[in-house]
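Report on one structure; see the data block that follows.
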Amino acid sequence: MHPLSQLDMAAAAWFLFAWLGFNLLIDISPLRKKTLSSAMDRYRLGWMEAMCSREVRIMDTSIMAGLQQGTAFFASTALLAIGGGFALLDATERILQVAGDLSIPVADSRALWEIKVLGLMTIFAYGFFKFGWAYRLFNYSSIIMGAVPEPGKASDEAIRTMAKQAGELNVLAGRHFNRGQRALFFAIAFLGWFAGPYVFAGTTFAVLLVLLRRQFASRARNAVLSGQYPVTAPAERSGEYTATGSSNPFT
């Protein structure tokens, strides 16, 4: 008998649809321009443009170090979670026995339990790779930041070009970091599957609503969009950012 029931497969399909659909909505669809992440991408580029006009860049390097430390923390967390998954697989029989004694509906069989644990480990592994690559991209961005000449020691065009390169790498790193965080958020939704397919579908819907609200209707988004960046901000063209644009990064 197949360990996955039709309800389990339907709940898993809804989970994948919600996760992939949210990524497409935030990263590819036309609505991406209205998201909090898109607004912060513009500020990342504006930051690099402001950085290239400063002679003392201690503040910029401190911010970059903080971004790298946060990314490393989440990467380590994802790696520890994978190790916890191996521990769960090793204690499957004991967990099922305890769950049966306490009438906790965690799984109907060993095979179903292992499928759920392996699925959870796969999500954490995906998150780890995203955080690892984001950390590397932040590192590349910081190296190019360090190579940007001080004002007056190179042509303005050369300085702005290198600042644009650092900014684009910073934006790309932020996007991979965001995808890694989404994996952790949806891993929380995945935990609902251990209580059954109905709970799984409900937790997926709840996480999806929270993430949508943060991107489109949160106070953080309103605070970011209410500002006027004082430096000439990059414009968006065909999904990429350039080093020229209007003075308002949100138009």
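Can Lys116 be described as buried (at least 20 other Cβ atoms within 10 Å of the Cβ), at pLDDT below 95 and more than 27 Å from Gln215 (Cβ to Cβ)?
Yes; evaluated as a whole, the condition is true for this residue.
Taking segment 188-230 as the region of interest, how many residues are in a loop (DSSP other than H, G, I, E, B) and farther than 20 Å from Leu120 by Cα?
7
Mind checking which pairs have a first residue in segment 12-38 that is β-branched (Val, Ile, Thr) and loosely packed, with under 15 Cβ neighbours inside 10 Å and a second that is at pLDDT 95 or above and in a loop (DSSP other than H, G, I, E, B), Cβ under 7 Å, 6 or more apart or different chains?
Cβ pairs passing all conditions: none.
With (1) in a helix (DSSP H, G or I); (2) surrounded by fewer than 18 Cβ atoms within 10 Å (Cβ to Cβ); (3) modelled with pLDDT under 95 as the list, and Pro151 as the residue in question, which single condition is left unmet?
(1)
Does Thr122 satisfy the condition of being at pLDDT below 80 and within 23 Å of Thr77 (Cα to Cα)? Walk me through how you get there before you give the answer.
Numbers: at pLDDT below 80: no; within 23 Å of Thr77 (Cα to Cα): yes.
Here the answer is no, as Thr122 does not meet what is asked.
Go over the candidates Leu137, Leu184 one by one and state the one that is modelled with pLDDT of 95 or more, over 30 Å from Gly202 (Cα atoms) and in a helix (DSSP H, G or I).
Just one listed residue meets the conditions, Leu137.
Can you say whether Met64 is surrounded by 15 or more Cβ atoms within 10 Å (Cβ to Cβ) and at pLDDT 90 or above, as far as the supplied structure shows?
Details: surrounded by 15 or more Cβ atoms within 10 Å (Cβ to Cβ): yes; at pLDDT 90 or above: yes.
Taking the combined requirement at face value, the residue satisfies it.
Out of all the residues in segment 13-29, is one or more more than 30 Å from Ala195 (Cβ to Cβ) and in contact with an Asp or Glu (Cβ under 9 Å, 6 or more places away or on another chain)?
The answer is no, given that none of the residues of segment 13-29 is more than 30 Å from Ala195 (Cβ to Cβ) and in contact with an Asp or Glu (Cβ under 9 Å, 6 or more places away or on another chain).
Kindly indicate whether Asp8 is more than 30 Å from Gly152 (Cα to Cα), part of a helix (DSSP H, G or I) and of a type in the set (Asp, Glu).
Working: more than 30 Å from Gly152 (Cα to Cα): yes; part of a helix (DSSP H, G or I): yes; of a type in the set (Asp, Glu): yes.
When the stated conditions are applied, Asp8 passes them.
Show the residue pairs meeting these rules: Cβ distance below 9 Å; 6+ apart or different chains; first residue within segment 128-151 and under 10 Å from Met64 (Cβ atoms); second residue basic (Lys, Arg).
As it stands, the answer is Met145/Arg57; Gly146/Arg57, since those pairs meet every condition given.
The values are calculated or read from the model by the stated rules, or taken from the named source; none is laboratory data. Note that the structure is predicted; figures quoted are calculated from it, not measured. When we count neighbours, we look across all protein chains shown, and the Cβ atoms used for this are built from the backbone with ideal geometry, even at glycine.
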